[in-house]
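Asker: Take this structure, written in structure tokens, and hold onto it; I'll ask about it next.
The values are calculated or read from the model by the stated rules, or taken from the named source; none is laboratory data. Treat the numbers as computed from the prediction; the structure is a model and nothing was measured. Please note: Cβ atoms are built from the backbone with ideal geometry, for glycine as well, and neighbour counts cover all protein chains shown.
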Amino acid sequence: MTIKEAKIRVDALRRVINEHNRRYYVESLPTISDFEFDLLMQELQGIEKKFPELADTASPTQRVGSDLSEGFAQVEHRYPMLSLGNTYSEEELREFDTRIAKAFDEAYEYVCELKFDGASISLTYAGGALKRAVTRGDGLQGDDVTRNVRTVRSIPLQLHGDNFPEEFEVRGEILLPHSSFESMNREREKQGKTLFANPRNAAAGTLKMLDSKEVARRGLDSFIYYMLGADLPFASHYESLQAARLWGFKVSEHAQKCSDIGAVVDFIRRWETARKNLPYDTDGVVIKVNSLAQQRALGVTAKTPRWAIAYKFKAEQAITKFLSVDYQVGRTGAITPVANLEPVKLAGTVVKRASLHNADQIALLDVRIGDTVYVEKGGEIIPKIVGVDASKHSENLLPLQYITVCPECGTPLVRIDGEAKHFCPNESGCPPQIVGRIIHFASRKAMNIEGLGDETLELLYKNGLVKNVADLYDLRKAQIARLERMGDKSAENILQGLENSKKAPFARVLFALGIRYVGETTAKKLAEAFGSLDALQNATFEQLLEVDEIGEQIAKSALTFFGEEKNQLLLGKLREVGLCFTAEKQQRFSSELEGLTFVITGTLSRPRDEFKQIIEQHGGKATSTISGSTSYLLAGEKAGSKIQKAEKLLVKVIDENQFLELISKTY
Ligand code: IVH
């Protein structure tokens, strides 16, 4: 491409993208899918990169908060990312060994490795270069976080040596060492941000940040523990680890071959204590059959390989002093007692607070202020108190008096039959409940309003700008911009985020309302079953119960919610603002593919479902089997037998680019 040609194409792309942005953001009437939009954007970015002289600050690629910077592309894993069967007991571990022994007449050995507690990652290398890094996701597809993973220094961008396979995949763990974790949380504390509960959450959160410069600052590290590929030149797992190390990967030096289960148990015993001196978190030992031929012979079940098992360490405990108790009020009014502790080191981090769950739990433990207590870290956000050191339990300590009124608004608490927690019934006047509902509304799985995090929402509430979720849509730029830590740019971002949220489908809106017991899945079921807010509001108890998975508790809760006048007023306002209150049929962009039937096969640049959606959005049909009436076979990489079948039936085979050309008239 000459610079002249580039200029012509860049101008055209900028014009077209600007127009699509306008249709999307201003008119809320997009005429192409996000995918098609991304392609245009990628093309423009590509040319701008090649011809820096064409740079222009007004180019749509320079816009902050553009579609592309949002989230990550989802990609399918070439090999599913399985999990491991796990156990906490030596007995079950020995049963695992018995199963392995039964499978073979020949000898076998194990490799024992530490189980790193971070976020798992799949890395694809081709020609020795890192091509793609994908999170585990649901095991079948994950987020493409290549940009961020490139900043992790222990992950080679280019491999050493030359004896690596042309294309292969390694799996490993991305983790945050204790030192990085603590300095990161110290910084967050200073900035008044919510702290990360543990290094695992922090690592996973960091991997999904949009700003890879910030990712680079955070000090992520990695360990590689598994290799996959068509023809790996190894006979054993252990060999593959050694090779990976030579190629430049960080492989733990603690992996060890064990000739029998006795040696495995010794390894576990040793690391149960020794792990406490490691500079990162581990939560167990992974035991793998070493021979790759034996691994293949053992095979996999639907979810886990039969040739490996994880032995999990029991949660670490620490002993400390219970100083005082705070009571937190959640968005539903539920009260959670939280203990303040004398700071103590636990599993690599300093713990100052622990959950006491509810009044029953406090009574059960008979824990009193001044007691010496055991704290344990589960998977939860904050650790919990699991016991009291009876030998230090002084009789002078008074039993804890559970509060009877809300610590935030003074309303007498109630306790509903069958519920473990006390509740503050002052839904409309209790500040943390009001803010909690607004935070829930704006959160990622609900309306996903960009720019409106917890702190910003609290700020808006404190300044009297929002009292309920509908007020959000009345916000004006100047009101936001003059708040502390805000400015014109963040105000614009928030308004754009609010505008975008109007496109959220009905099911999400329903979830965002925060009706008690109506979680994400329930909201989807209700939206599907009733199709609109009107129908749902008019539904009777019996009609609600007819819906799959809706029980009496949910039905009652929905009836109560819709029966309340203040909620009806709120819903009226939200409707006026333009939120989506009907489960819309699929958005329709064009009739370009009307009457055409597609079958999709092979690996494409995005999940098949997305292509299916695009086909439908342009009026076509996607089916799963090829027949004489199929119009096109859309074939990606590694397409299999469907190609031959298509050829036999004279069905035209097209690739992704040809497919996009079919709908390109709509650009
Ligand atoms: S092997 C097919 N080895 O544990 C086997 N996994 O549920 C692939 N993990 O999500 C896993 N350390 O993220 C393996 N040394 C290790 C590991 C390890 C941590 C994680 C992994 C996976 C989970 C297993």
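Asker: Yes or no: residue 321 in contact (Cβ under 8 Å) with a residue 40 or more places away in the chain, in a strand (DSSP E or B), surrounded by 14 or more Cβ atoms within 10 Å (Cβ to Cβ) and in contact with a His (Cβ under 9 Å, 6 or more places away or on another chain)?
Answerer: no
Asker: Taking strands (runs of 3 or more DSSP E) that fall entirely within the range 60-174, which contain at least 3 residues that are out of contact with any Cys (no Cβ under 8 Å at 6 or more places or on another chain) and buried (at least 20 other Cβ atoms within 10 Å of the Cβ)?
Answerer: 110-116, 119-126, 129-135
Asker: List pairs: first in the range 131-143 and without any contact (Cβ under 8 Å) to a residue 24 or more places away in the chain and over 14 Å from residue 82 (Cβ atoms), second more than 14 Å from the ligand (Cβ to nearest atom) and of a type in the set (Lys, Arg), Cβ under 8 Å, 6+ apart or cross-chain?
Answerer: 133/150
Asker: If you go through the range 488-508 one residue at a time, do you hit one that is within 30 Å of residue 556 (Cα to Cα), modelled with pLDDT of 95 or more and out of contact with any Asp or Glu (no Cβ under 8 Å at 6 or more places or on another chain)?
Answerer: No, the range 488-508 contains no residue that is within 30 Å of residue 556 (Cα to Cα), modelled with pLDDT of 95 or more and out of contact with any Asp or Glu (no Cβ under 8 Å at 6 or more places or on another chain).
Asker: Collect the residues in the range 74-117 that are at pLDDT 95 or above, of a type outside the set (Val, Ile, Thr) and within 16 Å of the ligand (Cβ to nearest atom), keeping them in residue-number order.
Answerer: Within the range 74-117, 93, 96, 110, 112, 113, 114, 115, 116 qualify.
Asker: Then there's this: Could you list, in sequence order, all residues of the range 530-548 that are surrounded by 11 or more Cβ atoms within 10 Å (Cβ to Cβ) and either polar (S, T, N, Q) or not in a helix (DSSP H, G or I) (or both)?
Answerer: Selection gives 531, 532, 537, 538, 539, 543, 547.
Asker: Have a look at 638, 665, 621 and point out the one that is under 29 Å from residue 40 (Cβ atoms), loosely packed, with under 13 Cβ neighbours inside 10 Å and modelled with pLDDT of 85 or more.
Answerer: Matching residue, one of 638, 665, 621: 638.
Asker: Taking the criterion of being within 30 Å of residue 514 (Cα to Cα), out of contact with any helix residue (DSSP H, G or I) (no Cβ under 7 Å at 6 or more places or on another chain) and surrounded by fewer than 12 Cβ atoms within 10 Å (Cβ to Cβ), would at least one residue in the range 585-608 satisfy it?
Answerer: Within the range 585-608 (the criterion being within 30 Å of residue 514 (Cα to Cα), out of contact with any helix residue (DSSP H, G or I) (no Cβ under 7 Å at 6 or more places or on another chain) and surrounded by fewer than 12 Cβ atoms within 10 Å (Cβ to Cβ)), the answer is yes, since at least one residue qualifies.
Asker: With the condition kept exactly as written, say whether any residue in the range 289-297 is within 16 Å of the ligand (Cβ to nearest atom), at pLDDT below 95 and touching a helix residue (DSSP H, G or I) at 6+ places or on another chain (Cβ under 6 Å).
Answerer: For the range 289-297, residues within 16 Å of the ligand (Cβ to nearest atom), at pLDDT below 95 and touching a helix residue (DSSP H, G or I) at 6+ places or on another chain (Cβ under 6 Å): absent.
One line per residue, one yes/no per condition, for (1) exposed (fewer than 15 other Cβ atoms within 10 Å of the Cβ); (2) out of contact with any strand residue (DSSP E or B) (no Cβ under 9 Å at 6 or more places or on another chain); (3) on the phi < 0 side of the Ramachandran plot:
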position	(1), (2), (3)
401	yes, yes, yes
435	no, yes, yes
442	no, yes, yes
464	yes, yes, no
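Asker: Further, regarding this structure: Which of the residues spanning the range 307-318 are part of a strand (DSSP E or B) and either within 20 Å of residue 231 (Cβ to Cβ) or within 15 Å of the ligand (Cβ to nearest atom) (or both)?
Answerer: Hits for the range 307-318 are 308, 309, 310, 311, 312.
Asker: On the basis of being touching a helix residue (DSSP H, G or I) at 6+ places or on another chain (Cβ under 7 Å) and under 27 Å from residue 90 (Cα atoms), does residue 268 make the cut? Can you show your working first?
Answerer: On the way: touching a helix residue (DSSP H, G or I) at 6+ places or on another chain (Cβ under 7 Å): no; under 27 Å from residue 90 (Cα atoms): yes.
Taking the combined requirement at face value, the residue does not satisfy it.
Asker: If I filter the range 254-269 down to residues being within 16 Å of the ligand (Cβ to nearest atom) and more than 18 Å from residue 118 (Cα to Cα), which single residue comes out as surrounded by the fewest Cβ atoms within 10 Å (Cβ to Cβ)?
Answerer: The selected residue is 257.
Asker: Still on this structure, I have one more. In this structure, does residue 214 turn out to be within 16 Å of the ligand (Cβ to nearest atom) and without any contact (Cβ under 8 Å) to a residue 24 or more places away in the chain?
Answerer: no
Asker: Considering only residues that are surrounded by fewer than 18 Cβ atoms within 10 Å (Cβ to Cβ), farther than 24 Å from residue 286 by Cβ and not acidic (Asp, Glu), look in the range 175-187 and name the one that is nearest to the ligand (Cβ to nearest atom).
Answerer: 179
Asker: For the range 506-521, name all the residues that are out of contact with any helix residue (DSSP H, G or I) (no Cβ under 6 Å at 6 or more places or on another chain) and either within 17 Å of residue 578 (Cβ to Cβ) or polar (S, T, N, Q) (or both). Walk me through how you get there before you give the answer.
Answerer: The first filter runs over the range 506-521 and keeps only residues out of contact with any helix residue (DSSP H, G or I) (no Cβ under 6 Å at 6 or more places or on another chain), leaving 508-509, 513, 518-519, 521.
Correct list: 508, 509, 513, 521.
Asker: Please determine whether any residue of the range 188-211 is within 15 Å of residue 125 (Cα to Cα) and surrounded by 19 or more Cβ atoms within 10 Å (Cβ to Cβ).
Answerer: Checking the range 188-211: not a single residue is within 15 Å of residue 125 (Cα to Cα) and surrounded by 19 or more Cβ atoms within 10 Å (Cβ to Cβ).
Asker: Here's another thing I want to ask about it. Could you list, in sequence order, all residues of the range 366-408 that are touching a residue at least 60 places away in the same chain (Cβ under 8 Å) and over 26 Å from residue 314 (Cα atoms)?
Answerer: Residues satisfying the conditions are 400, 402, 403, 406, 407, 408.
Asker: To continue, here is another question. Answer with yes or no whether residue 514 is assigned to a helix (DSSP H, G or I), buried (at least 17 other Cβ atoms within 10 Å of the Cβ) and either of a type in the set (Ser, Thr, Tyr) or in contact (Cβ under 8 Å) with a residue 12 or more places away in the chain (or both).
Answerer: So residue 514 does not fit the description; no.
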